[in-house]
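**Student:** Mind having a look at this structure? Questions to follow.
The values are calculated or read from the model by the stated rules, or taken from the named source; none is laboratory data. These numbers come from a predicted model, not from an experiment. All Cβ positions, glycine included, derive from the backbone under ideal geometry; neighbour counts span all protein chains shown. Areas reflect the complete protein model, heavy atoms only, side chains present, ligands, DNA and RNA absent. Shrake-Rupley method; radii C 1.70, N 1.55, O 1.52, S 1.80 Å.
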Amino acid sequence: MTGPERPWRAVKDGVSVDVRLTPRSGHDRVDGLSALSDGRQVLAARVRAVPEKGAANAALEVLMAKILGLPKSAVSLAAGSTARIKTLHVAGEPDTLMAALEAVCGG
């Protein structure tokens with residue numbers, strides 16, 4: 001279910017997810033998987049919020065919690081606060097979370 005082709009991996013208390021965030025979009029949504037120029041896969045997401053004072057990062061956390069059916073407190077930014085490529089930590093049971101991410105991506 002996971003591997004080098006997926007942008008998520010199990011960690012001791014949840015899942016780590018690599019996301020390419022596009023702020024100032026018309027919608028808050030996850031667009032599925034996308035490949036970076038180096039071949040790495042990321043989860044592509046868009047939010048309406050602007051990338052100022054952490055607003056886009058907060059909107060991304062809320063979006064991911066919503067699509068995974070989790071409380072907002074279960075999703076936190078682990079890396080990339082000012083970068084387009086971000087790493088989120090999602091707290092919970094890894095196998096369940098990875099299955100939910102597969103479903104979100106149409107896998």
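**Student:** With the crude spin-label approximation of a point 7 Å out along Cα→Cβ, what separation in nm comes out for Asp28 versus Thr82?
**Tutor:** Each label point lies 7 Å from its Cα, and together they span 2.5 nm.
**Student:** Still on this structure, I have one more. Skip the ligands, DNA and RNA, and give the accessible area per residue of the chain with a 1.4 Å probe, whole Å².
**Tutor:** Spelled out: the 1.4 Å probe surface of the chain, per residue, equals 54 Å².
**Student:** Now for a different question. Straight-line reach from Lys53: which aspartates and glutamates have a Cα under 19 Å away, not including same-chain ones fewer than 8 places off?
**Tutor:** Asp28, Glu61
**Student:** Let me ask something additional. Would you mind getting me the FRET efficiency between Lys53 and Glu5? Use the beta-carbon distance for r and R0 = 41 Å, nearest 0.05.
**Tutor:** The calculated FRET efficiency here is 0.75.
**Student:** To make sure I understand the rule: partners must be lysines, Cα under 24 Å from the Cα of Lys12, and not fewer than 8 residues away in the same chain. Which ones qualify?
**Tutor:** Hits, sequence-local ones excluded: Lys66, Lys72, Lys86.
**Student:** Rank by packing, highest mean first: peptides 55-68, 90-103, with packing defined as the count of other Cβ atoms within 10 Å averaged across residues.
**Tutor:** Result, highest mean Cβ count within 10 Å first: 55-68, 90-103.
**Student:** With +1 on the Cβ of every Lys and Arg and -1 on the Cβ of every Asp and Glu, and nothing else charged, how large is the dipole of the range 1-83 about its Cα centre, in debye rounded to the nearest 20?
**Tutor:** 160 debye
**Student:** What translational diffusion coefficient, in µm²/s and rounded to a whole number, does the Stokes-Einstein relation yield for the range 1-57 at 25 °C and a viscosity of 0.890 mPa s, taking the hydrodynamic radius as the Kirkwood radius over Cα pairs?
**Tutor:** This corresponds to a translational diffusion coefficient of 198 µm²/s.
**Student:** Give me the distance between the Cα centres of the range 65-107 and the range 1-57, rounded to whole Å.
**Tutor:** Centre-to-centre (Cα) distance: 8 Å.
**Student:** Which whole-number value in Å³ per residue fits the convex hull of the alpha carbons of the chain?
**Tutor:** About 94 Å³ per residue, rounded to a whole number.
**Student:** So, one more: Can you list the HN-Hα couplings for the range 95-105, worked out from phi with the Karplus curve (6.51, -1.76, 1.60; θ = phi - 60°), rounded to whole Hz and with x for Gly and Pro?
**Tutor:** Each residue's phi maps through the Karplus curve to give 4, 5, 5, 5, 5, 5, 5, 4, 5, 5, 8 Hz.
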